[in-house]
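Down below is the structure, laid out as structure tokens.
The values are calculated or read from the model by the stated rules, or taken from the named source; none is laboratory data. Since this is a predicted model, take the numbers as computed values, not measurements. For neighbour counting, all protein chains shown are included, and Cβ atoms are generated from backbone atoms with ideal geometry for every residue, glycine included. Please note that ligands, DNA and RNA were not included when accessible areas were found on the heavy atoms of the full protein model with its side chains. Shrake-Rupley method; radii C 1.70, N 1.55, O 1.52, S 1.80 Å.
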Amino acid sequence: MTRRYLVLLGLAAVAGCGDLLDTSPPDALPSDQAITSASGARTVMVGAYGALQSLSYYGGDYLFLNDLYADNAVHTGTFSTFADADAKDLRADNSAIQGIWNAIYDAINRTNLLIQKVPGVPDLSASERDQLLGQAHALRALHYHNLVRVFGGVPLRLEPITRPDDAAEIDRSTVEEVYTQILTDLQTAETLAPASGTRSRITREAVKAILARVQLYRGNYAAALAKADEVSASGFELADEFPSLFDAEGTDTPEDIFKVTFTALQYQNFGYYYQSTDDGGRAEQGPEQSLIDR
């Protein structure tokens, strides 16, 4: 979270007029200073996971619009951006789509920074270096899969963007090129990611689960089944009761392989958008009746 401070107007007069044209983000740390030590690498990794919590990503819109476009949810509120998704009439000027695009590419940029800088951090042990790189590669693969399955071929950014003009210099890749990169990242991650850890961090089993999903979308069913069987063999299974997946404390269940966590400060919009207006929500969408009936 960034903080902005008010400064005395008199101090502003000291600066030259040219400063007003400086496009460098005032709250951003230059990439060459962001990861120069083990503690810096760990901090940036926390930020890489934090990108998943964006309200335009797993915190809300990415999942909302996918459910609305499919047959899982129906629009019941006032947002025209959501209504367009429910009507399957998404256009380039949909601000929610732009927010999703920006949030995912911001997340990709954070992983790119880790992948580029971590190998050169002098005070990282070889083990921790590999684990950080494995997680970064897995997260980047997850982000690109979320992009390609919604937008088709997208620009492949494999290095950090350090100036706005850099983004415009990358052409759109084909679907096949994007999937090739996804599988390359996941193969790297499977060898480097930690063998175990908390459910809110990428582990080797989480990488296998993502691989199974990617292969399923590719239509490589035998490969998808093989990876899914490897994950199941590690002891994961469906929770005994479905509501236990949504308890207020976010308690781990036997089927949690990797999950994005939220808190009162790092919140998400699910409860608010689904809850009725009588209960303090905005009732922006609700489950399709066919889903309720299942």
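So the check is Cβ under 6 Å with 6+ separation or different chains; which pairs have a first residue in region 276-294 that's at positive phi and hydrophobic (A, V, I, L, M, F, W, C) and a second one that's open to solvent by 60 Å² or more (accessible area, probe 1.4 Å) and in a loop (DSSP other than H, G, I, E, B)?
Ala283/Thr76
Please find, among Ala96, Ala107, Ala85, the residue that is touching an Asp or Glu at 6+ places or on another chain (Cβ under 8 Å) and among the small types (Gly, Ala, Ser).
Ala96
Return the residues of region 180-208 that are surrounded by fewer than 21 Cβ atoms within 10 Å (Cβ to Cβ), hydroxyl-bearing (Ser, Thr, Tyr) and touching a residue at least 24 places away in the same chain (Cβ under 8 Å); say none if nothing qualifies.
Thr188, Thr191, Ser200
For region 209-222, give me the residue count where each residue is buried (at least 22 other Cβ atoms within 10 Å of the Cβ) and either among the charged types (D, E, K, R) or assigned to a loop (DSSP other than H, G, I, E, B) (or both).
0
Criterion first (over 30 Å from Ser127 (Cα atoms) and polar (S, T, N, Q)) does Ser276 satisfy it?
In short, yes.
Among Ala103, Ala107, which is surrounded by 15 or more Cβ atoms within 10 Å (Cβ to Cβ), in a helix (DSSP H, G or I) and in contact with a His (Cβ under 6 Å, 6 or more places away or on another chain)? Let's see the steps before the verdict.
Values: Ala103 fails: in contact with a His (Cβ under 6 Å, 6 or more places away or on another chain).
On inspection, the qualifying residue turns out to be Ala107.
Given the conditions (1) in contact with a strand residue (DSSP E or B) (Cβ under 8 Å, 6 or more places away or on another chain); (2) assigned to a helix (DSSP H, G or I), and given that Gly153 satisfies all but one, which numbered condition is not satisfied?
Only one criterion in (1) in contact with a strand residue (DSSP E or B) (Cβ under 8 Å, 6 or more places away or on another chain); (2) assigned to a helix (DSSP H, G or I) is unmet by Gly153, namely (2).
Looking at this structure, is Ala226 outside any loop (DSSP other than H, G, I, E, B), at negative phi and open to solvent by less than 40 Å² (accessible area, probe 1.4 Å)?
No.
Give the residue that is nearest to Pro287 (Cα to Cα), with candidates limited to residues of region 233-275 that are open to solvent by less than 60 Å² (accessible area, probe 1.4 Å) and among the β-branched types (Val, Ile, Thr).
Val260
Quick test for you: out of Leu147, Leu156, pick the one residue that is of a type in the set (A, V, I, L, M, F, W, C) and either farther than 27 Å from Leu90 by Cα or open to solvent by 10 Å² or more (accessible area, probe 1.4 Å) (or both).
Details: Leu147 fails: either farther than 27 Å from Leu90 by Cα or open to solvent by 10 Å² or more (accessible area, probe 1.4 Å) (or both).
Exactly one of Leu147, Leu156 is of a type in the set (A, V, I, L, M, F, W, C) and either farther than 27 Å from Leu90 by Cα or open to solvent by 10 Å² or more (accessible area, probe 1.4 Å) (or both), namely Leu156.
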